[in-house]
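One structure below.
A short reminder: the numbers here are calculations on the coordinates, not readings from a lab. These numbers come from a predicted model, not from an experiment. Positions of Cβ are generated from backbone atoms using ideal geometry, with glycine treated the same way; all protein chains shown enter the neighbour counts.
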Amino acid sequence: MKKAIVFILASAMIAMMLSGCAQAPSASATPANDAPNPPEGTAAAPEAGRLNIITTIFAPYDFVRQIAGDKADVTMLLPPASESHSFEPTPQDIIKIQDSDVFIYVGGESDAWVDGILDSMDTSKKEIITLMDCVEVVEEEVVEGMEDDEHDHGHEEGEEAGHDDEHEGEETGNDDEHEGEEAHEEEAGHEHEEEIAYDEHVWTSPRNAKLIVQKISGALCARDAANAAEFQTNTAAYMTQLDALDAKFQEVVDSAARKTIVFGDRFPFRYFTDAYGLTYSAAFVGCSTESEASPATVKFLIDKVNAEKIPVVFHIELGNENMTNTICEETGAKPLLLHACHNITRDDFLAGRTYIDLMTNNVETLREALA
């Protein structure tokens, strides 16, 4: 339903643009350098002759800044301090995507709204990059003790089906029609059950970040040959920084006393833990819409921390820290942030904080957690 609404909205907006009934508002793009976007409503429109690049979330936004330097305009659609999984585009956002030369989005469940927008516009002259197409993706997994959204959803469907059975026989005049509808619903149900959910948080591994940066760099070079040499130079320098970051994480893990981390929150670090050979326990999968875990999940995590004397329980940025704090109060563990780089606070945004900054802080945080 949400995707259909976005499609209708996008189609209407683009029709207005083509008919000249809508004037594009001032864009929030700024030159892709270390300076962040100015406050909303104060930004100038992208400069003529420069690449206009739109990203949905923070990580690719910052990757573009590092590659393009001051040779392009880059905009992040997700407002600072906003939760990425509940983001819904505004009509102005749709116009920004329409006007972009390069559009970069994740491609997972959180970006389901994108498909309807892209389907509604001519993208033949637009470079579109999906982060999940840049790397080898893995299935989202439910580990021991974790809340299972899929299971809960299935239970609700089962309850509804049982409820329907109570009324069986009340409507007997249209058996053939109902049989056809039931067969269609059963087929749709099977398709739903067979759908594989892939973990979308591909950028949380510095090794994946390198692959994403290479893809973005290649696209920018192809679109702007005049600045390709500078893009390549910037990319090489940034790859060196990512290599150094990777080495720091590897050193922490190699010298660690333990190899398990615990989250009283969603878990968007599957690619990160796979890269460095870590195991984890968490309350929810990375894209869960839940914020309150069952008593059984909380108890499992408390017992895990106590049994293995785990010193730190993590939460992610801009989330609900209540469960992490509860676990720490019960165990004496320390609550700490492990930043997943979905988004940043407004203060950090205005200060020009980068992916490297945030992940470097994670290095020391992880060191404390694995002590």
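Working from label points 7 Å from Cα in the Cα-to-Cβ sense, the residue 128 to residue 244 distance is 3.7 nm.
Quick one: grab the alpha carbon gyration tensor of the range 230-360, order the square roots of its eigenvalues as a ≥ b ≥ c, and give me rounded if a/c is under 1.5, else prolate or oblate depending on whether a/b is larger than b/c. Because a/c hits 1.5 or more and a/b exceeds b/c, the range 230-360 counts as prolate. Taking label positions 7 Å along the Cα-Cβ direction at both residue 258 and residue 363, the computed distance is 2.3 nm, reported to one decimal.
Would you mind classifying the range 201-249 by shape? Square roots of the alpha carbon gyration tensor eigenvalues, ordered a ≥ b ≥ c; an a/c under 1.5 is rounded, otherwise it is prolate if a/b is larger than b/c and oblate if not. Since a/c reaches 1.5 but b/c is at least a/b, the shape of the range 201-249 is classed as oblate. Once you reduce the range 50-77 and the range 224-258 to the center of their Cα atoms, the two points are 18 Å from each other.
Among 356, 54, rank each residue by its count of other Cβ atoms within 10 Å, from fewest to most, as a rough exposure measure.
If I rank by nearby Cβ atoms, fewest first, I get 356, 54.
Applying 1/(1 + (r/R0)^6) with R0 = 51 Å to the Cβ-Cβ distance of residue 236 and residue 309 gives a FRET efficiency near 0.70.
Pairs spanning more than 24 Å between alpha-carbon atoms, out of 259/299; 96/210; 259/334; 259/304; 248/304: 96/210; 248/304. Alpha carbon centre of the range 109-152 versus the range 332-354: separation in Å? For the range 109-152 versus the range 332-354, the Cα centre distance is 23 Å. As a proxy for reagent exposure, 147, 321 were ordered by neighbouring Cβ count within 10 angstrom, fewest first; the result is 321, 147. Placing +1 on each Lys and Arg Cβ and -1 on each Asp and Glu Cβ, with no other charges, gives the range 270-371 a dipole about its Cα centre of roughly 180 debye.
Fewest-first ordering of 249, 231 by other beta carbons within 10 Å of each residue's beta carbon gives 249, 231. Label zone (residue 139, point 7 Å along Cα-to-C-beta; backbone nitrogen cut-off 18 Å) within the range 247-277: 270-271, 274. With a ≥ b ≥ c taken as the square roots of the eigenvalues of the C-alpha gyration tensor of the range 242-283, please select rounded if a/c is under 1.5 and otherwise prolate if a/b is larger than b/c or oblate if it is not? Oblate, because a/c is 1.5 or more while a/b does not exceed b/c.
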